[in-house]
Amino acid sequence: MKSYNQKIQLEHPNYSLFIKREDEIHPFISGNKYRKLKYNILRAKAENKETLLTFGGAFSNHILAVAAVGKEFGFKTIGVIRGEELCDKIADNPTLHKAQDFGMIFEFVSRENYNDKIKPEFITRLEEKFGNFYLLPEGGTNELAIQGCEEILINADTEFDFVCCSVGTGGTISGIINCSKPSQQVLGFPALKGDFLTEDIRKFAKNSNWKLITDYHFGGYAKVTEELIVFINEFNQKYKIPLDPIYTGKMVFGVMDLIEKNWFPDNSKILLLHTGGLQGIAGMNNLLKQKNQIEININV
Ligand SMILES: *Cc1c(COP(=O)(O)O)cnc(C)c1O
């Protein structure tokens, strides 16, 4: 794994703007997924579990991170995947294909059954089929995941007035809030529509110095627009930093748009968190190609 806490300055005339490259922690256990898994893996080892089981969609960063962790730390891994139709399409799906290479075994379930995944009957059925396992929730958010995310900000980061991150389940931002200073504001940019997130974050976050900026979901989870893709490509061209289209791309777009609109006070020090997810670009590009839309440049 590479060094953590590497910050790159993004030149800007009015602001001190930095991006923290959590995406560089590991190519597949990337960004916040590494942080969220760390203490869960230690717990699973302490409980002598041999198998990790988790849930996710076809392009899930979490699914691939768990598969890679299994390979690296000696666990069997089982991925319960949303969408029965995917079972004969593994070869066409870069995320599932790679996860399978890492040894993950899949259980494909219909969208309907997938919605029942936290019901005890569903878990019992999985135990009957796969034996004893350590269960990681969808997206990986639990108390131990938040503990891991509380290590994202370090002392050197206290100089920032604003810390900005993407929000999926809200686990990562909760950890960041808990390790931020009261003088700092944590800004979360939800990657999906819906106002349930505030409640979810309140469950885990110990401070109130945070705010969700809900204008940059681009139509919903995993939805993209041409404007977003063009932005990601221009950003990569300019700063040589790739962004994923599902999470970090939307957040960075949002921050740059707010800067244009003079939302931040002059001379603000702003830290952006690159939470990773670059593995998902190949799958997104396949979809964009099918629709004859502009694709994400990976190498600039
Ligand atoms: C999963 C993920 C997120 C969202 O994290 P939550 O803890 O679920 O809010 C953000 N960025 C990337 C790249 C992710 O893979």
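A few remarks follow.
- Candidates A65, A58, A44: the one that is of a type in the set (G, A, S), modelled with pLDDT under 95 and not in a strand (DSSP E or B) is A58.
- Against the numbered list (1) in contact with an Asp or Glu (Cβ under 9 Å, 6 or more places away or on another chain); (2) under 24 Å from I281 (Cβ atoms); (3) at pLDDT below 95, F102 comes up short only at (3).
- Among the residues of segment 183-196, some residue qualifies, meaning at least one is within 18 Å of K269 (Cα to Cα) and surrounded by fewer than 21 Cβ atoms within 10 Å (Cβ to Cβ).
- Positions within segment 21-39 being assigned to a helix (DSSP H, G or I) and either under 13 Å from the mean Cα position of the chain (by Cα) or within 13 Å of the ligand (Cβ to nearest atom) (or both), in sequence order: E22, D23, E24, N32, K33, Y34, R35, K36, L37
- Looking across segment 51-76 at every residue that is within 15 Å of F108 (Cβ to Cβ) and of a type in the set (V, I, T), the one that is surrounded by the fewest Cβ atoms within 10 Å (Cβ to Cβ) is identified as T54.
- Residue match in segment 274-281 (condition: buried (at least 16 other Cβ atoms within 10 Å of the Cβ), at positive phi and out of contact with any Cys (no Cβ under 6 Å at 6 or more places or on another chain)): yes
- Residue within segment 112-126 that is under 24 Å from K38 (Cβ atoms) and near the ligand (Cβ under 10 Å from one of its atoms) present: no
- Single match in N40, N14 (criterion: touching a residue at least 12 places away in the same chain (Cβ under 8 Å) and surrounded by 15 or more Cβ atoms within 10 Å (Cβ to Cβ)): N40
- Candidates L192, L212: the one that is closer than 26 Å to T225 by Cβ and more than 10 Å from the ligand (Cβ to nearest atom) is L212.
- Filter pass, F18 being of a type in the set (A, V, I, L, M, F, W, C), more than 15 Å from the ligand (Cβ to nearest atom), more than 18 Å from T169 (Cα to Cα) and not assigned by TED's automatic domain parsing to the domain that holds K129: yes
- Total residues in segment 233-255, condition over 23 Å from G170 (Cβ atoms) and in contact (Cβ under 8 Å) with a residue 24 or more places away in the chain: 7
- Filtered residue count, segment 72-116, keeping only those that are in a strand (DSSP E or B) and aromatic (F, W, Y): 2
The values are calculated or read from the model by the stated rules, or taken from the named source; none is laboratory data. Predicted model, so just to flag it, every value in this text is computed and none were measured. Because the Cβ atoms are built from the backbone with ideal geometry, glycine has one as well, and the counts that use them run over all protein chains shown.
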